[in-house]
Ligand SMILES: NC(=O)c1ccc[n+]([C@@H]2O[C@H](COP(=O)([O-])OP(=O)(O)OC[C@H]3O[C@@H](n4cnc5c(N)ncnc54)[C@H](O)[C@@H]3O)[C@@H](O)[C@H]2O)c1
C-alpha cells in the first residue's frame, strides 16, 4: 500500500532531513508526498517546485480536509504543534509531530485524548529510542548487564539556531528544542520521573537570527536534576550555550557496570561498557552510522502497514513535556516539583534488537 503524505511546516527540517527520508520511502514505493502548507508563500512555492506537490491551500485546515491523505507531518514552530496534531488526528489522519508534542500541558492532554479516540496513530518526536544503538543499550540495561541503575548524567547542546526567530521567543527555547532528547532517553532507561529541580535561564540576551539581532525571550541554558525514586538520580546539562564537546551523551551508572552513549542521542556513535567482573571497558562501535533521526516516519509507515502499535508512545512524550514545564517552574519558584504522569515501558520487537552478527554495509540497512 502506498500511503499519501501531507506536510504542515515547510521549513528547515522538512526541506532537509524529512524530505530525504520521504524520497527514500517514495523510491521504495511506500509513500507519496502530495500536499504541503506553510504560511510563508516562498516556502510553499519552493516545495511545490521541488516536489511537484499541491501547496495551494490557504490554511492548515484546508490541507487536513483532503480525503486522499493518510499521514500528516507537523513540522512547524513549537507553539503550533499541539493544536495542529490534534486537528489532524480529528480529521482521521495518522500523525507525526515534531518535539515537543505541545508547549502546554493542557493542550498535550487534549492531544493524548484525541489519539486515544482517533483511528489514526500518533508518533511524537524525538524518535531516538528507535536507534539501533539506543535499543541495544536498553536491552543490556534490562538484561541487568550493569546491575540496578543508580545514577546518570546527560548532555546535549550547541551554539543555537541562526534561523527561525521563534526559537528565542515564548514557547521556544533550548529545553524544548534540545533538553527533550536527553530527557526522553533517560526516561526510557529509568522509567517515570518522580520529582524535578532545575536552574533554567537565558544566558545570552540577544541572538543573531537571519542576520538580525533579536532579543532572547526563551531559555537557552539549563541544568536539571531528576529524581526517579528509590534514590535514583540523573542530571541533564543542555543549552544553546555549548560550542563543542567531547563527552558521552548519556552516562548510566549501575551497581556492577557503566554504559556510555557516544555522539548524541539523535546521532549515536556507538557506546562503551564497563563491567566489574571483566574489569575493563569495551567499545561497541556504531552499527548504524547512517541511522536518520527522522526514523519515526519509517516507524509510523511500518506500524500502519502492519497494523501494530508504535514502539514510541505519546504518553512518553507527554511525560517529557510535564518534566520540562516542571523544570521551568522549579527554577522560577526555587523549589522541587512533583511529577505525576505515567507512561509505559518501551517494548521492542525482539526481531529489531541486535542479533550479534556484524553488519557489512550499514548504508543498505
Ligand atoms: N532544525 C533542526 O535541526 C531540528 C531538528 C529536529 C527537530 N526540529 C523541530 O522541527 C520543527 C521545525 O523546525 P525547523 O528548524 O524546520 O523550523 P523552521 O522555522 O525552519 O520551520 C518551521 C516552519 O513552520 C511554519 N509554520 C508556522 N506556523 C505554521 C502553521 N500554522 N502551519 C504550517 N506551517 C507553519 C513556518 O512558517 C516555518 O516555515 C521544530 O519543532 C523543531 O524543534 C528541528
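Any read-out appearing in this document is the output of simple, stated calculations on the displayed coordinates, not a laboratory observation. In this text, all values refer to a predicted model and were calculated from it rather than measured experimentally. We place every Cβ from the backbone using ideal geometry, glycine too, and count neighbours over all the protein chains shown.
Can you bin the stretch 8-139 into rounded, prolate or oblate? Criterion: square roots of the alpha carbon gyration tensor eigenvalues sorted a ≥ b ≥ c, rounded for a/c under 1.5, prolate for a/b above b/c, oblate for the rest. Cα axes put the stretch 8-139 in the oblate bin. A viscosity of 1.567 mPa s and a temperature of 4 °C, combined with the Kirkwood radius over Cα pairs in Stokes-Einstein, give a translational diffusion coefficient for the stretch 258-355 of 77 µm²/s.
Starting from the exponent 0.38 and prefactor 2.2 Å, build the expected Rg for the stretch 136-272 from its residue count and divide its actual Cα Rg by it. It is 1.13.
Taking other Cβ atoms within 10 Å as a rough exposure proxy, 81, 319, 299 sort from fewest to most as 299, 319, 81. Note on residue 32 and residue 244: the model spin-label points, each 7 Å out from Cα along the C-beta direction, lie 4.8 nm apart.
By the beta-carbon count within 10 Å of each Cβ, the least crowded to most crowded order of 146, 224, fewest first, is 146, 224.
Viscosity 1.567 mPa s, temperature 4 °C: give me the Stokes-Einstein translational D for the stretch 57-105 in µm²/s, with Rh taken as the Kirkwood radius over C-alpha pairs. Please report the intermediate quantities before stating the final value.
On the way: Rh = 10.8 Å.
For these conditions, the coefficient is 120 µm²/s.
For the chain, adding -39500 (n - 2.57) for each run of n ≥ 4 DSSP H residues and dividing by the number of residues yields -8500 deg cm²/dmol at 222 nm. Take every Cα-Cα pair in the stretch 132-207 and report what % of them are more than 15 Å apart. Summing the P(r) of the stretch 132-207 above 15 Å gives 66 percent of all pairs.
The order of the peptides 249-255, 307-313 by mean Cβ neighbours within 10 Å, most packed first, is 249-255, 307-313. Packing here is the average count of other Cβ atoms within 10 Å per residue, and on that basis the peptides 333-346, 44-57, 225-238, highest first, run 225-238, 44-57, 333-346.
Show me the ranking of peptides 92-99, 266-273 by mean Cβ neighbours inside 10 Å, starting with the highest.
Working: 92-99: 24.4, 266-273: 19.0.
Ranked from most to least packed, the peptides come out as 92-99, 266-273.
Pairs of Cα atoms in the chain fall into 20 Å distance bins, from 0 up to the last occupied one, in shares of 29, 60, 11, 0 percent. Let's test the formula: R0 of 41 Å, r as the Cβ-Cβ distance of residue 335 and residue 49. What FRET efficiency results, to the nearest 0.05? Efficiency, rounded to the nearest 0.05: 0.20.
At each listed q (0.22, 0.24 Å⁻¹), what is the log10 of I(q)/I(0) that the Debye formula gives for the stretch 88-156 modelled as equal alpha-carbon point scatterers? Ignoring solvent entirely, the Cα scatterers give -0.94, -1.01. Which residues among the stretch 162-194 fall inside the zone where the amide N is under 19 Å from a point 7 Å beyond the Cα of residue 145, along Cα→Cβ? Those under the cut-off are 185-191.
If you average 1/r over every pair of different alpha-carbon atoms in the stretch 185-335 and take one over that average, what Kirkwood value in Å do you get? Mind dumping the intermediate values first?
Numbers: mean 1/r = 0.0546 Å⁻¹.
Hydrodynamic radius (Kirkwood, Cα pairs) of the stretch 185-335 is 18.3 Å.
Return the FRET efficiency for the residue pair residue 203, residue 90: r is the Cβ-Cβ distance, R0 is 45 Å, and the value is rounded to the nearest 0.05. Walk me through the numbers on the way to the answer.
On the way: r = 40 Å, r/R0 = 0.89.
Efficiency computed from Cβ-Cβ geometry: 0.65.
Decide, for the stretch 15-83, between rounded, prolate and oblate: order the square roots of the alpha carbon gyration tensor eigenvalues as a ≥ b ≥ c, take rounded if a/c falls under 1.5, and otherwise choose prolate if a/b is larger than b/c, else oblate. Rounded, because the longest to shortest axis ratio a/c is under 1.5. With neighbours defined as other Cβ atoms within 10 Å of a residue's Cβ, the residues 246, 298 order from fewest to most as 246, 298.
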